[in-house]
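Structure first, then comments.
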Amino acid sequence: MDNVMKATELFEQRFVCSQAVFAAFSEQFGISEKQALQIGGCFGGGMNKGEVCGACTGALMVLGMKYGQYDADDLESRAAENAKAVQFLEEFERRKGSYICREILGCDLSTAEGKAYAAENGLFGKLCPEMVRTAAQIVSEMLAGDE
């Protein structure tokens, strides 16, 4: 199963968007699926505040595993990881119009009213699966481009 299908499957199993995307790629980078699901758990719904889409956050975690700085003196890797993050977010925005959860959903998940609106209108089932697919697809493309 490819990473895009895996991310979609995890989301369909009721994991949040950030968990689904990060866990779909995690084992490639030495992190178990269980660990990735735990790490990604607090980032869904734009960190439960409607901020950066959790699918994007999960994707950025994947890119951090590939390109992230781990040596304090290695400023080249910091520049590279930052460039990859910007590249990802710009491409996601180009494809989906925004990478901000509340803009994508059209409601503010940081409020009880916004959460109720999203649930009543099935937004998590209508819009979020496509955000998960798109985030996983862009990451897959970025990783494949560097092979």
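Contact annotation: no residue pair with Cβ atoms under 6 Å, 6 or more positions apart or on different chains, pairs a residue in region 57-72 that is farther than 20 Å from Gly145 by Cβ and open to solvent by 70 Å² or more (accessible area, probe 1.4 Å) with a partner that is at pLDDT below 95 and polar (S, T, N, Q).
Going by the structure shown, is Gly44 in contact (Cβ under 8 Å) with a residue 40 or more places away in the chain and either over 15 Å from the mean Cα position of the chain (by Cα) or closer than 24 Å to Gly122 by Cβ (or both)? No.
Within region 59-92, the set of residues being acidic (Asp, Glu), touching a helix residue (DSSP H, G or I) at 6+ places or on another chain (Cβ under 9 Å) and in a helix (DSSP H, G or I) comprises Glu81, Glu91. Taken over region 33-86, the criterion of being at pLDDT 95 or above and in contact with a Leu (Cβ under 6 Å, 6 or more places away or on another chain) is satisfied by Lys84, Ala85. For the criterion of being among the hydrophobic types (A, V, I, L, M, F, W, C) and crowded, with 18+ Cβ neighbours inside 10 Å, Leu37 passes. Close Cβ contacts (under 6 Å, 6 or more residues apart or on different chains) running from residues in region 99-122 that are closer than 23 Å to Leu60 by Cα and modelled with pLDDT under 95 to residues that are open to solvent by 50 Å² or more (accessible area, probe 1.4 Å) and not in a loop (DSSP other than H, G, I, E, B) comprise Asp108/Arg102; Leu109/Lys115; Ser110/Lys49.
To keep it simple, each residue is scored yes or no on (1) of a type outside the set (Ser, Thr, Tyr); (2) out of contact with any strand residue (DSSP E or B) (no Cβ under 8 Å at 6 or more places or on another chain).
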residue: Arg14; (1), (2): yes, yes
residue: Ser26; (1), (2): no, yes
residue: Gly30; (1), (2): yes, yes
residue: Gly40; (1), (2): yes, yes
residue: Asn48; (1), (2): yes, yes
residue: Glu51; (1), (2): yes, no
residue: Gly54; (1), (2): yes, yes
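For Glu51, the conditions (1) touching a residue at least 24 places away in the same chain (Cβ under 8 Å); (2) surrounded by 19 or more Cβ atoms within 10 Å (Cβ to Cβ); (3) at negative phi all hold with the exception of (2).
The values are calculated or read from the model by the stated rules, or taken from the named source; none is laboratory data. Treat the numbers as computed from the prediction; the structure is a model and nothing was measured. Neighbour counts run over all protein chains shown; Cβ positions are idealised from the backbone, glycine included. Note: areas computed on protein heavy atoms with side chains; ligands, DNA, RNA excluded. Shrake-Rupley method; radii C 1.70, N 1.55, O 1.52, S 1.80 Å.
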